[in-house]
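The values are calculated or read from the model by the stated rules, or taken from the named source; none is laboratory data. All figures in this text were calculated on a predicted structure; none of them were measured in a lab. Quick reminder, even Gly has a Cβ in these numbers, built from the backbone with ideal geometry, and neighbours come from all protein chains shown. SASA here: full protein model, heavy atoms, side chains in, ligands and nucleic acids out. Shrake-Rupley method; radii C 1.70, N 1.55, O 1.52, S 1.80 Å.
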Amino acid sequence: MGYELAMKLLVLSLVLLVSAVAGSIYPSEEIVQQVPAIYVFGDSTMDVGNNNYLPGKNVPRANQPYYGIDMPGSGKPTGRFSNGYNTADFVAKSMGFVSSPPPYLSLAPSSEKLVMIAMATGVSYASSGAGILDSTNAGNNIPLSRQVEYFNTTWSKMVTSKGSDAVSALLSRSIFLIGIGGNDLTAFANTGQAPSNDATFYSSLLSNYKATITELHAMGARKFAIINVGLAGCLPVSRVLDPTGACSGRRNQLAGGFNEDLRSLLAGLAPRLPGLVYSLADSYGIMVDIFADPQAYGFTDVTSGCCGEGRLAAGGCMPTSHLCSHHDRHYFWDGIHPCQRAASLRVQAFYDGPAQYTTPINFSWQWVSDTCLRDH
């Protein structure tokens, strides 16, 4: 390693260290945009409003109170299943953006606007209720395969407008953020199938996941920030199934097994797809640690939602729901999704936190290594 490169890495490390020490829910407004754009794929942990544009009474939407009650500047619902920002927002903010890029369906009517935003900040294709499999909650979301199709449409319009060279250069340095799988595991667990069927189920999930990454790579994606499935058995909607409110060991087992296979898949893909760089974040692991000692992380409740109906507030957040007094002290905002502060803490760990929460590199190295090597 040359002296100049070593010094750049040292300076960047110090900057990240200072940011971590001084960290709060909101990153410094002075953070420089570190990548050209972010393209987001996933489920309700990532969705910033695509489902608001889908027809149908059974489509899950976060377009009513008390969603968005703590959203800076408005305090109104935005389509995020959170009291404010969600995971995609905090990943984007950590990389110098104001928030997650806007939802694809809000841009699709205008090709000119779609291309402009896609080139400037990126686009979110994430959809609440979506799965890796098309059959998961079919008809009420944008499944992962269609999210990739929508990106393909975006890519084609970008190439037509800006040229293939400019688009390839942009995409090769942009981040492709993916967080999905929980809805598939829930749907499978709800069928009550025996563990002997898990391997076949995982195989279908991983086949689609592999196709997603391969197709995005073929269109120019090189940098992937991927978040695995969290502690599915300890969501309020899972706990409420047990008379004592205990976590579901079976659902946690399903999540853990899938995560192991996802880790192996990515490790195998990397050497076969030229230029592929990925960071796999451990949502499952950080939830285990937070739930083991909630007070150390500033939480007083990790079992029930802050906003919701019924036992453990697991029945959904509505305008008539009970609302907890201290929003940021509940890990969960509703029966499934983390509150704004929990999402922030998770992303801080994935971005530049302890090594056990990301592999083989953390999210920050997606741009640190690229910037240093490009400038050296």
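General observations
Here's the yes/no breakdown for (1) free of Cβ contacts under 8 Å to residues at least 60 places away in the same chain; (2) in a loop (DSSP other than H, G, I, E, B):
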| site | (1), (2) |
| --- | --- |
| Val288 | yes, no |
| Ser304 | no, no |
| Leu312 | no, no |
| Gly316 | yes, yes |
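- Verdict on Phe258 being touching a residue at least 40 places away in the same chain (Cβ under 8 Å), within 18 Å of Leu205 (Cα to Cα) and buried (at least 16 other Cβ atoms within 10 Å of the Cβ): yes
- Hey, Tyr85 among the aromatic types (Phe, Trp, Tyr) and open to solvent by 10 Å² or more (accessible area, probe 1.4 Å) or not: yes
- Residue that is modelled with pLDDT under 95, over 13 Å from the mean Cα position of the chain (by Cα) and at positive phi, where the choices are Gly73, Gly122: Gly73
- Considering Ala138, Ala126, the condition of being within 30 Å of Lys57 (Cβ to Cβ) and in contact with a strand residue (DSSP E or B) (Cβ under 7 Å, 6 or more places away or on another chain) is satisfied by Ala126 alone.
- For the range 95-133, filtering for residues that are open to solvent by less than 20 Å² (accessible area, probe 1.4 Å) and under 16 Å from Val167 (Cα atoms) leaves 5.
- Being open to solvent by 10 Å² or more (accessible area, probe 1.4 Å), closer than 21 Å to Thr87 by Cα and assigned to a loop (DSSP other than H, G, I, E, B) is a description that applies to Gly230.
For every residue, the table says whether it meets (1) modelled with pLDDT under 90; (2) among the aliphatic types (A, V, I, L, M).
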position	(1), (2)
Lys8	yes, no
Leu14	yes, yes
Val18	yes, yes
Pro27	yes, no
Val32	yes, yes
Pro36	no, no
Gly42	no, no
Asn52	no, no
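- Single unsatisfied condition, Met1 versus (1) under 30 Å from Trp155 (Cα atoms); (2) modelled with pLDDT under 95: (1)
- Failed condition for Val32, given (1) in a loop (DSSP other than H, G, I, E, B); (2) under 25 Å from Pro319 (Cα atoms): (2)
- Residue that is surrounded by the most Cβ atoms within 10 Å (Cβ to Cβ) [pool: residues in the range 48-72 that are in contact (Cβ under 8 Å) with a residue 24 or more places away in the chain and charged (D, E, K, R)]: Arg61
- Members of the range 188-209 found to be within 19 Å of Ser238 (Cβ to Cβ), among the small types (Gly, Ala, Ser), surrounded by fewer than 16 Cβ atoms within 10 Å (Cβ to Cβ) and touching a residue at least 24 places away in the same chain (Cβ under 8 Å), listed by number: none
- Here Gly182, Gly249 are screened, and the one residue that is open to solvent by less than 30 Å² (accessible area, probe 1.4 Å) and among the small types (Gly, Ala, Ser) is Gly182.
- None of Ser204, Ser196 is farther than 26 Å from Phe151 by Cα and at pLDDT 95 or above except Ser196.
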